[in-house]
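Report on the following structure.
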Amino acid sequence: MTTEGNKELGVAERFVRVSVSIVVMVPVTVFVGYGGWLVLTLTAVLGLYDPETEDGDVLRERLFEWPDRNREVMRTDGYEPLPLRP
């Protein structure tokens, strides 16, 4: 069993800690992963800011595709070159 100091944690307390970690970390991970895209999309809809990349593509579209591009690299165990820039 896991101990914290001299106190052993019960099954229920460990379950609550794991559940809270999942409930907190999943939304944070999703927001961090897609957060840039979301912010740029909102600013573009409001007409405030819609940056482009050096080759003329809209940055928010590149950021939206970024997780899928990284997943492709992970599926090849890193043998495919990593796209370093969105």
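Brief remarks on what is shown
- Total residues in the stretch 32-58 satisfying the condition of being modelled with pLDDT under 75 and either of a type in the set (G, A, S) or exposed (fewer than 12 other Cβ atoms within 10 Å of the Cβ) (or both): the figure is 4.
- Residue selected from the stretch 6-27 under the condition over 24 Å from the mean Cα position of the chain (by Cα) and of a type outside the set (K, R), by the criterion surrounded by the fewest Cβ atoms within 10 Å (Cβ to Cβ): N6
- Residue, modelled with the lowest pLDDT, within the stretch 59-82, restricted to residues that are in contact with an Asp or Glu (Cβ under 9 Å, 6 or more places away or on another chain) and of a type outside the set (A, V, I, L, M): E80
The values are calculated or read from the model by the stated rules, or taken from the named source; none is laboratory data. None of the values given here were measured: they were computed from a predicted structure. Don't worry about glycine lacking a Cβ; one is built from the backbone with ideal geometry, like all the others, and counts go over all protein chains shown.
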